[in-house]
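In what follows, a single structure is set out as structure tokens and then discussed.
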Amino acid sequence: MSTLLIALYILLPLCGLVAIWFSFRYAWWSKAVDYKHPRILMYHMVSDPKPGTKFNGLRVSPAMFEKQLQWLKQNNWHFVTMNQLIDNHSQLPEKTVALTFDDGYEDNYSQALPLMKKYDACGTLYLVINRHNNDWSTKKKAHHNSGELVKEPKLSDDQVNEMVSSGVFEIGGHTTNHVNLNTIDKQTKYSEMSESKAMLEEQLNTPINSFAYPFGIYGPEDPAIAKELGYTNAVLAEGGIETDVDKNRFELRRVKISGKDNFLAFKMRMKTGKRGWKK
């Protein structure tokens, strides 16, 4: 048997396995979720990854973020804030996208804001009141105790004010202390959700209508609490593309944008809400 035939016997099965892996990882063959449904994207940081750290999935590099914005702009996506999405949900054009950012990291000001201005984008920032020196990662999982997130620079009040004044960002509530709502009593839930809303409204002199459940964790009573406190909508941590904004306005699904994804994965998330077949 010639060397060429031996190579073909080896390479053809290997190529087949690679093709199968690629198909399941990115599910390029999946049907797109109807583009009449808005895509609500969830970001955290816009910063370069840090080798050897746990939370690089929360870090979308500035270069990748710009590439995403450029693609959205070139492909005629319409940027809206969450307030605009809710107020006009029955009249939204096809290919509507809402950029949302959780917690209040300083790079949202230094990196995201200039790029969003460049591409005429807008977004919603879900801001924790006590965001400085607060290691909330342990409130989800006790072993997340590296202190990594507490060391990340957070936004100052002046930076937040400038982001809002720019017209690029609106602010949403994210509790006072980034609590795990499933671990506190009802009275504390009311306090965390209402006091943060009141403090932001006083600081910014504007209504705070949108809320994000910290960690995306919430109990069956929490959507009703959010509504009672005067929020008009609330978002989850992930879940894919929301297909019924009116019905689920206090449990709106978001598309998780991970710093570990490549650009093809981002485009697949915009198409189906998931990177691949399962997630």
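Throughout, read-outs are computed from the coordinates displayed, never taken from laboratory work. Bear in mind the structure is a predicted one, so any value in this text is a computation, not a measurement. FYI the Cβ positions are ideal-geometry reconstructions off the backbone, even for glycines, and counts take in every protein chain you see.
See the values below:
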| read-out | value |
| --- | --- |
| Computed helical MRE - 222 nm, the chain, DSSP H runs ≥ 4 contributing -39500 (n - 2.57), nearest 500 | -10500 deg cm²/dmol |
| Radius of gyration and maximum dimension Dmax of segment 120-220, Cα, Å | 14.0, 42 |
| For segment 146-155, 3J(HN,Hα) per residue [Karplus equation, 6.51 cos²θ - 1.76 cosθ + 1.60, θ = phi - 60°, Hz, x = Gly/Pro] | 6, x, 4, 6, 5, 7, 5, x, 10, 5 |
| Percent RCO, i.e. relative contact order, over segment 34-272, from Cα pairs under 8 Å lying at least 6 residues apart | 23 |
| Packing-based ranking, highest mean first, of 102-111, 265-274 given that Cβ atoms within 10 Å are counted | 102-111, 265-274 |
| Cβ crowding within 10 Å averaged over residues, with 63-74, 169-180 ranked highest first | 169-180, 63-74 |
| Other-chain or far-sequence residues with amide H under 5 Å of N233's (modelled H) | F211 |
| Answer label for P(r) over Cα pairs in 10 Å bins from 0, in percent (calculated), chosen among (1) 6, 28, 34, 20, 6, 3, 2, 0, 0; (2) 6, 25, 35, 24, 9, 1, 0; (3) 7, 31, 38, 20, 3, 0 | (1) |
| Relative contact order of segment 175-279, pairs being alpha-carbon contacts under 8 Å that are 6 or more residues apart, as % | 19 |
| Antiparallel bridges, percent of DSSP beta bridges restricted to the chain (to nearest 5) | 5 |
